[in-house]
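First the structure, in the form of structure tokens, and then the observations on it.
The values are calculated or read from the model by the stated rules, or taken from the named source; none is laboratory data. Nothing here was measured: the structure is a model prediction, and the numbers come from that model. Positions of Cβ are backbone-derived with ideal geometry, glycine not excepted, and every protein chain shown enters the neighbour counts.
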Amino acid sequence: MPLLLEIVTPERLAYRGEVDEVVVPGSEGQLGILPHHVPLISLLGLGELRIKRAGQQESFAIYGGFLQVRPDKVIVMAETADFAADIDLERARHARQEAERALEAGFVEPADLVQARAALQHALLRIRIAERHHREGPRRHGGG
């Protein structure tokens, strides 16, 4: 019995479909979720969310939020969720450069420093996931 996975952000429903396994970046490390998982609510961290279904693996860049797990359904409520295949690598690299420039410029307000660091983290995550996706493409798993 597959799991129903929903990935939602404040702007949109990023993904809805049946999956065999979900691996999410929890606030304390990676969480692997299979059908019939015990109910769980957790904070999400920054990282790669991996979906496995029908021997294929797909990825999302996830940035913060919450996770709710039920035996038959997983709901990911993320601040942002970018499907690896949709990430514009050049745009992500440009965002990294802008964040690095902002950090080098120095700040008067601590909030500006926090915002620049968060932008850099987000850009680096998107670059890492996009580069892996472009290099490897959707991956096959299993012995089929």
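General remarks:
Yes/no per residue for (1) modelled with pLDDT under 80; (2) in contact with a helix residue (DSSP H, G or I) (Cβ under 6 Å, 6 or more places away or on another chain):
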site	(1), (2)
F66	no, no
V69	no, no
D88	no, no
E104	no, no
E109	yes, no
R117	no, no
L120	no, yes
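- In the range 49-70, the condition of being at positive phi, under 17 Å from the mean Cα position of the chain (by Cα) and assigned to a strand (DSSP E or B) is met by at least one residue.
- Residues located in the range 61-94, provided they are under 13 Å from L5 (Cβ atoms), aliphatic (A, V, I, L, M) and surrounded by fewer than 18 Cβ atoms within 10 Å (Cβ to Cβ): I75, M77
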